[in-house]
1. Quick one: Q136 ticks every box in (1) part of a helix (DSSP H, G or I); (2) in contact with a Ser or Thr (Cβ under 8 Å, 6 or more places away or on another chain); (3) within 30 Å of A88 (Cβ to Cβ) bar one, so which box is it?
2. List the strands (runs of 3 or more DSSP E) that sit entirely inside segment 1-91 and contain at least 3 residues that are in contact with a Leu (Cβ under 8 Å, 6 or more places away or on another chain).
3. Of the conditions (1) closer than 30 Å to A54 by Cα; (2) among the β-branched types (V, I, T); (3) modelled with pLDDT of 95 or more, I270 satisfies every one except a single condition; which number is it?
4. Do you know which residues across segment 287-306 are touching a Leu at 6+ places or on another chain (Cβ under 6 Å) and more than 30 Å from P142 (Cβ to Cβ)?
5. Every residue in segment 165-177 that is modelled with pLDDT of 95 or more and part of a loop (DSSP other than H, G, I, E, B), please.
6. Applying the selection to segment 46-67, what residues are among the aliphatic types (A, V, I, L, M) and touching a Phe, Trp or Tyr at 6+ places or on another chain (Cβ under 8 Å)?
7. Is it true that T26 is more than 15 Å from G121 (Cα to Cα) and modelled with pLDDT under 95?
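The values are calculated or read from the model by the stated rules, or taken from the named source; none is laboratory data. This is a predicted model, so every value here is computed, not measured. For neighbour counting, all protein chains shown are included, and Cβ atoms are generated from backbone atoms with ideal geometry for every residue, glycine included.
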Amino acid sequence: MFKKVCLFSGGANPELATSIASYLETPLSKVRITRFSDNESFVELNENVRGVDAFVIQPTSSPVNDNVMELLIMCDALRRASAGSITAVIPYYGYGRQDRKVAPRTPITSKLVADLIQVSGVTRVVSVDLHAGQIQGFFNIPFDHLYAMPVMLEDYLKKTFDSSAVFVSPDSGGVERARAYSKRLNASLAIVDKRRERANVSEVMNLIGDVKGKECIIIDDMIDTAGTLCGAARALVDHGATRVVACATHGVFSGPAIKRISESPLGEVIVTDSIPLSDEAKACNKIRQVSIARLLGEAIKRIHSSDSVSSLFA
């Protein structure tokens, strides 16, 4: 389909990379990724990339440090092999939560990772649902920030819910995201306000909005340990919600997340394949994945052909 383009997959999510290659009707390029006995990563490109548009598909999910280094080393190899352009396709941007100083003498690791990516030779970045949109400003190269909302709407929400549903933000920081979803289905909006009144007192979940007798969809960018998510689900049920599901772009599912979800009143948890599911997550009958391969594949196609990517932003 393409001339002078190569798709490379790191080891973080080969299934997603294969799906993207299938959508684009072009094979993944050959690369050998190995480790020395002391666990150093080594990358060898097994194809000529001189002058080509190279796309490296690599989420920086767990193990985050290994996957970040693998991305950097692969991009450095492409730069030294004279690739025409190098686009890092990072469905999940690791260290995205460290986007500001939260206390004295703490790092802004999102900026550090951005600097490392640029120094490695990357000329463009594509990512999906950053934890904080301002991370784009940490880069001095073009950055295409895509959203999983169209995929969630077409592949799940529009088939399951109507305007009588309520979209819920599990905290104040996600209100804009939940509002964008509610507008698409002409549905109402609610906010869970979590606060601890004083030390050694359990958190109180206050609800802003009416959910009594309604189906509720909790919207978030990621699910990590699922503590906030499951607490919000219980608060909604306590306030009369008839059904509660959750939609999040990135299913990190670390620590006790799967156990919490299994024991929670959540009926279903929908995530994308930006991060591969662990065996434990696959075994959980409440968790379901939708694919963003078409979204990323279309972005790659338009970048390569110098077409507009803006219509994919929402």
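1. Result: Q136 fails condition (2) only.
2. The qualifying strands (runs of 3 or more DSSP E) are 5-9, 53-57, 85-90.
3. Among (1) closer than 30 Å to A54 by Cα; (2) among the β-branched types (V, I, T); (3) modelled with pLDDT of 95 or more, I270 violates only (1).
4. none
5. Once the filter is applied, which keeps residues that are modelled with pLDDT of 95 or more and part of a loop (DSSP other than H, G, I, E, B), segment 165-177 yields only A165.
6. Of everything in segment 46-67, those that are among the aliphatic types (A, V, I, L, M) and touching a Phe, Trp or Tyr at 6+ places or on another chain (Cβ under 8 Å) turn out to be A54, V56, I57, V64.
7. Values: more than 15 Å from G121 (Cα to Cα): yes; modelled with pLDDT under 95: yes.
Taking the combined requirement at face value, the residue satisfies it.
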